[in-house]
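Written below as structure tokens is the structure these notes are about.
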Amino acid sequence: ADDLTLQLKWVTQAQFAGYYVAKDKGFYEAENLDVTIKPGGPDIAPVQVLAGGGADVAVEWMPAALAAREKGLPIVNIAQPFKKSGMMLTCLKESGIKDPKTDFKGKTLGVWFSGNEYPFLSWMSHLGLKTDGGADGVTVLKQGFNVDPLLQKQAACISTMTYNEYGQVLDAGIKPEDLVTFKYDDQGVATLEDGLYVLEDKLKDPAMEDKLARFVRASMKGWNYVKEHPDEAAQIVIDNDETGAQTLAHQQYMATEVAKLLDPGSGELDEADYKRTVETLLAGGSDPVISKEPVGAFTHAVTDLAEKK
Amino acid sequence: MTGAMTGAISILAVWLGAMGLNGWLARRDGPLFAGLVAAIFGITLLILWEMAVRIYQVPNVILPAPSAIWSAFIGNLPILWGDFVQTIVKGALSGWVIGALAATVTAIAIDRSSFLQRGLLPIGNFVAALPIVGIAPILVMWFGFDWQSKAAVVVVMVFFPILVNMVAGLAATDQLQRDQMKTWNAGYWQSLWKLRLPAAMPFLFNGLKITTTLALIGAIVAEFFGSPTRGMGFRISTSVGQLNLPMVWAEILVAAIAGTVFYGIVAWVEKRVTFWHPSQRQ
Amino acid sequence: MPSSSVIDARNVSLTFRTNDGPVHALKDVDLTIEKGDFVSFIGPSGCGKTTFLRTIAALETPTAGMVYVNGQEADEARKARAYGYVFQAPGLYPWRTIAGNISLPLEIMGFDKPERQARIARVLELVELGGFAGKFPWQLSGGMQQRASIARALAFDADILLMDEPFGALDEIVRDRLNAAVLELWRKTGKTIGFVTHSIPEAVYLSTKIVVMSPRPGRITRVIESTLPAERPLEIRDTPEFIEIAQQVREGLREGHSYD
Amino acid sequence: MPSSSVIDARNVSLTFRTNDGPVHALKDVDLTIEKGDFVSFIGPSGCGKTTFLRTIAALETPTAGMVYVNGQEADEARKARAYGYVFQAPGLYPWRTIAGNISLPLEIMGFDKPERQARIARVLELVELGGFAGKFPWQLSGGMQQRASIARALAFDADILLMDEPFGALDEIVRDRLNAAVLELWRKTGKTIGFVTHSIPEAVYLSTKIVVMSPRPGRITRVIESTLPAERPLEIRDTPEFIEIAQQVREGLREGHSYD
Amino acid sequence: MTDAAFARPSARPRLSLGAGIAQKVLPVLTVLGVLLVIWYGAAVALNAPWARDQAARAGESLSFPELVAATMVQERPVLPAPHQVAKGLWDGLAGQKITSKKSLVWHGWITLSATLAGFAIGSLAGIALAVGILHNRAMDKSVMPWAVASQTIPILAIAPMVIVVFASLGITGILPKAIIAAWLSFFPVLVGMVKGLRTPDRMQLDLMHSWSASPAQVFWRLRLPSSMPYLFTSLKVAVAAALVGTIVGELPAGATAGLGARLLSGSYYGQTIQIWSALFVAAGLAGALVVVIGAIEKLTLRRMGLAR
Ligand SMILES: Nc1ncnc2c1ncn2[C@@H]1O[C@H](COP(=O)(O)OP(=O)(O)OP(=O)(O)O)[C@@H](O)[C@H]1O
Ligand SMILES: Nc1ncnc2c1ncn2[C@@H]1O[C@H](COP(=O)(O)OP(=O)(O)OP(=O)(O)O)[C@@H](O)[C@H]1O
Ligand SMILES: Cc1ncc(C[n+]2csc(CCO)c2C)c(N)n1
Ligand SMILES: [Mg+2]
Ligand SMILES: [Mg+2]
């Protein structure tokens, strides 16, 4: 079988259920692939791992990928299983925030950094809010790994994913009616999240291209399975979690929520979504995430090939 | 002959040349030469690094060349300065001072009472051995996002090494000296102040020197677990995410310079304070 | 019941436990020393002189018997700072200059600064180390270190002075002068002095009472009372009386060595 | 050009730099010692005896002048393990037993185990420490430590023996016996010995040559050749010849002390 | 040192074995008791705001006993109460098969093995460098500043890169973690040993010199023995550092297994009890390692006749 290594963006969780299912259910094997899945972590930059040769394919968010491309690292999107953005800002109702346009000023907001801050920064520049802590802007906190800042009221709002941190906030005992949420999707600043990326020169090799096509095909099969059997998928994730820290309930929640973001098709990148992402990122005001329209940042070649057979 | 081979050979040649020069220089005397030897050693490493990056075309996002790091350093001085103040001056230094004082006082308390010695030391060992990566999130939760939580992490980190050294140091007097104190019927505080503390100084400084660098690491690492949008740890993790590796290394450079200076100052003070110790008299 | 003597050792025994069996350093030692006595201890190396002096100073606790000093238990007397002690090794603190070393017990006993300086100057003069106040111990010769440590014990003027071979490392001439100085001090101040030495003439010249010890286990074999007058010029050493006492001491010592 | 003498010091000066100015420990010292000489150094405390002995042993480097040992530079001779050295303080290693301490130089010089054990037993007997092989230094009295350190220097049988006040802490009787033993050793083996002492009788009794030194700066004021025969019973100390030489030494010493 | 040879421990009677143990355990228990009380107090104080908030959201108000009770049983407390941690520990240590991924024994073992490997590499490197500094003037003058600089590199920042670089060289598993552990632990040993090896005083060195001992002999027979007190204090600091290094190395290693991964994943999901349990196991490991080294120290020093 052909070896292939996949670098995840984050730790083993249902966010990546499609890949674990494909591996566990033998979808990869059926495509004559032997896939190694490497979990990520807070300080793993998946594209860096790609550049270092530690993996063949990486799961990454598009803003970070495009930024890396502009830095001179030629990575290319080969498939985009996630169609919708799951990111949102979750605020306590008692903070009095109702409308982003007027109420953020002077508030403390929790944000993920390490390459995940781009969507937030674009949004703020859309709103015309400064992020340097001055009185006429917002105070930004580098948010740690969890939702504590909200629970401890160290921040008025924190970044959450619909499928993960939001659930944790609810789990912690806060009722949805005590919360106000702003989805990036609804604010018109959505950027594409978990896509599959490879180094550009890999695509030049037809054998590799074929291997990638088989990989994408099997992965999408996995994702479709997740959509239909979220609970089973959650169990598979639990089985693959070496830390033994995940709880089945939370992974089931996550699998269900993730399913809502999926593009059920071939995994082909929708150019309109891509355009919207690029525009959002380019419109970053004085400090845009990327400064010029990227070229060749994605390809349909792999998904096309995957659909052929 | 392949490019890689010639590359390896030229790198080796530079290394051997520099080390030869150093060996020769080291045999001369004088502080000037001492500085020179250290400098040549470092410069050689930098040249080798630059050569390796260029010859093997290491991608910038894996390992940037020293020249790229230097230009990032020069180009971002105001940011670097702000980060330095936030992390090192506010976080590391204040935490180190508090931690060192706390450890010294605890060591004395432990030493004073054999009950505490038998009760606190094992538990102290245990508590102080809590790894920072574990306590940092908790301390951030308790002390907030700003530098106070970083200082708290530093306190916990430097406490144990200084405590261990100080306890050993307080026990480092010899019987004759203690007998003398006894014949003068020196009070506890007198013999502490006039005999045990001076005798403990070489050990204390051992601990202080080790912890200078620990303090920096602690303050920087704690920022990974939540911070305002400035500070060296914040900048490093953000820049890694942005694949701005030269900036990462510029921050590391700042840390290295600060750490070396910090260590140097402590070592200098040690020389003044423990001038009488045989290790300083050679 | 404690007596009125300054030092009263009753049936003192002391056994050290070591990795290869017990060492009986002292066995049934009885001795009284009256106020103003100058007592020398003499005996073969390893016979227990240092141990006995340490026991008087409450630095060792006897395994049997009792020592009273000034009518109190020895440890009480130590706490009352009843004595100055010169150890067999100089034991100077390396981080203090010579003056600083002499100053140390004075600081501990709460003398004020001018007083300390006056005393330091005086005792340094006495042991002929005038110019060395500012030197560190490792910059002094062995004999000079020994003298510095004597100066330290003299500086705070205790009523009892215990000295363990204080002049061992000194040349004859300095030694003569220091002998005379100690004798002078003793006569003027009426101190009680316990003095370990290996020199028979020194013991005879200085003492009112010479205690001869023998080893394994350490015990007192003879106590020789000196008949010499309190006023003793150096020439006294050539008188028949002196030579007679010295002869007694020598005999006592021989007996002690008889075990081999 | 090095001479054929065993030790040849030419114009040796040595100045220590200290925190408060230079100390001139030796100034223009000239001395030759022939093979088989037994040379004693005597002089007031702090006059530079130890420093001079250390210079001969290449433990100090003179600031001016040269020392030749066995026709080589002193440091070469040191490397050739030309001498055994007894320091003024015992300097035993606290983590080794007495036997272990004596064994140390033997190990370093590569003696095999049975040989080491034989030598250790022999020298311990010589210094009368037979039963103490297994004890640690701090379990011995001061004098016993000093004897152990002498045993250590004797164990490896160097041709030159440098001893810095080896018998300072010993009682007269042991001292007499050890004096006799050293003399015996010297006569039998023809070693060259440099010996620092403060005792005039000891110097006269042992030496073929007595070097009297005076302090600040340390220099040699007299060199007295002994006319006593090589064979010296203890009673020789009562002969007029002996007393005459002792008198000369005493005068030399007085001169040295004349500075004050 | 010169005078140390004259020093003598006085003849003080030894304690009987039983009394000795009682003397050891009692103080520990007392201090533990005090700590527990403080801990419970802190747990109540820190967890109270959340309990009050929850009650307020539900429109209730809590009496003090109710409040205390509420602070003891939260699922994600700010500070878990001791019995919660104890339960977490018990579940993790004894409640699982030790091969289970939920077993703290399993994670602890993974961390311990990397720690020991790193500690061994690190302390050997530290000693080797110290020896080099002692015997080679070029090293004496050049190594120390760079060793210091090396320690100021924030290891957590470059650990991912180290792992990436090693992975691209095909080195995975325990070794990268062990190297990070070694990186942190060599420094205390280096500093301590440089000091310790320079501790012998002039007379002791002169003796060696007078015997024309080779540098190796001076090292083995004088410098090394007299550096022992320094060595052991350094080693104690170094094992603790090695453990920290391993845990740091486990974070970016893809957070798969080990106490570090456990801590981190506990963090992601705000499971304070899991964090604290892992933390206690880690601290227990470090504590045990320190105790083991302490015991070796006692044994060695006693055999050397140096222990008092
Ligand atoms: N390391 C040193 N630094 C500074 N001065 C020193 C040092 N060693 C010795 N001296 C000085 O050199 C002089 C000679 O010292 P040395 O030890 O040779 O005397 P000595 O004749 O052996 O005396 P003693 O009989 O008391 O042992 C003294 O004044 C001493 O203070
Ligand atoms: N701490 C100790 N542990 C074991 N034995 C000891 C200890 N201290 C002394 N001894 C032993 O006790 C005996 C008496 O020792 P002490 O020091 O009193 O002799 P000393 O008469 O002062 O001899 P010197 O004239 O040589 O100084 C010796 O045999 C010695 O070995
Ligand atoms: C410190 C830190 N926190 C969050 C993220 C962002 N992130 C990456 S994947 C993912 C999915 C859901 O958990 C999220 C939120 C990060 N990179 N680093
Ligand atoms: Mg004695
Ligand atoms: Mg001398």
- If the label for D:Asp30 sits 7 angstrom from Cα along the Cα-to-Cβ line, what are its distances to the same label in every other copy, in nm to one decimal, shortest first? 6.7
- Between chains C and D there is a rotation axis; tell me the chain C residue with the nearest beta carbon and how many whole Å away it sits. C:Gly168, 2
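If you take the accessible area of D alone, add that of C alone, and subtract the area of the pair, what total do you get in Å², probe 1.4 Å, to the nearest 100?
Details: alone 12140 and 12160 Å², together 21450 Å².
About 2800 Å² of accessible surface is lost on pairing.
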- Would you mind working out the accessible area per residue for chain E, using a 1.4 Å probe, and quoting it in Å²? 40 Å²
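So which helices of chain A fit the span-like rule, where a helix is a whole DSSP H run, its Cα atoms reach 24 Å or more along the axis, and its mean Kyte-Doolittle is at least -1.0?
Details: long enough: A:206-228 (33 Å, -0.67).
Qualifying helices: A:206-228.
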- Message: Number of Lys pairs in chain C with C-alpha atoms less than 29 angstrom apart, excluding same-chain neighbours closer than eight positions?
- Response: 23
- Crossing angle, helix D:98-108 versus chain D [Cα axis fit, 0-90 degrees, rounded to tens]: 70 degrees
- Across the residues of B:241-251, average count of Cβ atoms on other protein chains within 10 Å? 5
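Would you mind classifying chain A by shape? Square roots of the alpha carbon gyration tensor eigenvalues, ordered a ≥ b ≥ c; an a/c under 1.5 is rounded, otherwise it is prolate if a/b is larger than b/c and oblate if not. Show your work: numbers first, answer last.
Details: a/c = 2.12, a/b = 1.39, b/c = 1.53.
Taking the square roots of the gyration eigenvalues as a ≥ b ≥ c, chain A is oblate.
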- Helices from chain E with mean Kyte-Doolittle at least -1.0 and a Cα length along the axis of 15 Å or more, per DSSP H: which? E:17-57, E:82-93, E:104-135, E:137-152, E:155-168, E:174-197, E:224-250, E:272-303
- Query: Pairing the Cα long axis of helix D:113-126 with the longest principal axis of chain D, what angle in degrees results, from 0 to 90 and rounded to the nearest 10?
  - Reply: 60 degrees
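Take every residue in peptide B:221-233, count the Cβ atoms of other chains within 10 Å of its Cβ, and give the average of those counts. Before the final figure, lay out the partial values.
On the way: counts 7, 1, 4, 11, 8, 11, 5, 6, 10, 3, 1, 2, 4.
Partner-chain Cβ atoms within 10 Å, mean over residues of B:221-233: 6.
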- Item | Charge dipole (debye, nearest 20) of segment E:15-78; +1 at Cβ of Lys and Arg, -1 at Cβ of Asp and Glu | 220 debye
- Query: From the square roots a ≥ b ≥ c of the eigenvalues of the alpha-carbon gyration tensor of chain B, which class results: rounded (a/c under 1.5), prolate (a/b over b/c), or oblate?
  - Reply: oblate
- Task: Classify chain E as rounded, prolate or oblate, taking a ≥ b ≥ c as the square roots of the eigenvalues of its Cα gyration tensor: rounded when a/c is under 1.5, otherwise prolate if a/b is larger than b/c and oblate if not.
- Result: oblate
- Item | chain B, relative contact order in percent, only Cα pairs under 8 angstrom and at least six apart counted | 22 percent
- Give me the percent of Cα-Cα pairs in segment D:88-157 that sit more than 18 Å apart, rounded to a whole number. 25 percent
- Query: Tell me, which cysteines of the protein assembly as shown are without a disulfide-compatible partner by the Cβ under 4.7 Å rule?
  - Reply: C:Cys47, D:Cys47
- How crowded by other chains is B:206-218, given as the mean number of beta carbons from other chains within 10 Å of each beta carbon? 6
- Query: How would B:Met141, D:Met213 rank on accessible area, largest to smallest, probe 1.4 Å?
  - Reply: B:Met141, D:Met213
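Hey, if we sort A:Trp10, A:Trp223 by accessible area with the 1.4 Å probe, largest down, what's the order?
A:Trp10, A:Trp223
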- If contacts are Cα pairs under 8 angstrom and at least 6 residues apart, what is the relative contact order of segment C:29-168 in percent? 30 percent
- For segment B:73-280, how many pairs of lysine residues have a Cα-Cα distance under 21 Å, where the two are 8 or more positions apart or belong to different chains? 6
- Toward the positive end of the charge dipole of segment E:104-303, about the Cα centre and with charges on Cβ (Lys, Arg +1; Asp, Glu -1), which of E:Val244, E:Leu263, E:Ala295 goes farthest? E:Ala295
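Size of the dipole of the protein assembly as shown about the Cα centre, Lys and Arg at +1 and Asp and Glu at -1 on the beta carbon, nothing else charged, in debye to 20?
Details: 133 positive and 134 negative charges, 333 e Å.
Charge dipole of the protein assembly as shown: 1600 debye, to the nearest 20.
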- Say a label goes 7 Å from Cα toward Cβ at C:Thr61 in every copy; what distances in nm does this one have to the rest, shortest first? 5.4
- Sorted shortest first, the nm distances from the C:Lys79 label point (7 Å along Cα→Cβ) to its counterparts in the other copies are 6.2
- Which of the listed residues, C:Ile120, A:Thr160, A:Leu212, is farthest toward the dipole's positive end in the protein assembly as shown, when Lys, Arg count +1 and Asp, Glu count -1 at the beta-carbon? C:Ile120
- Query: What's the angle, to the nearest 10 degrees (0 to 90), between helix D:142-155's Cα axis and the longest principal axis of chain D?
  - Reply: 90 degrees
- So how far, in whole Å, is the C-alpha centre of segment C:126-190 from the one of segment B:168-228? 34 Å
- Message: Could you compute how much accessible surface C:Arg254 exposes when probed at 1.4 Å, giving the result in Å² to the nearest 10?
- Response: 130 Å²
- Task: Kindly sort A:Trp61, E:Trp146 by accessible area of their heavy atoms, largest first, with the probe set to 1.4 Å.
- Result: E:Trp146, A:Trp61
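The values are calculated or read from the model by the stated rules, or taken from the named source; none is laboratory data. Everything quoted here is computed from the prediction, not taken from an experiment. Here Cβ is always computed from backbone atoms with ideal geometry, including for glycine, and neighbour counts include all displayed protein chains. Calculation scope for accessible area: heavy atoms of the full protein, side chains included, ligands and nucleic acids excluded. Shrake-Rupley method; radii C 1.70, N 1.55, O 1.52, S 1.80 Å.
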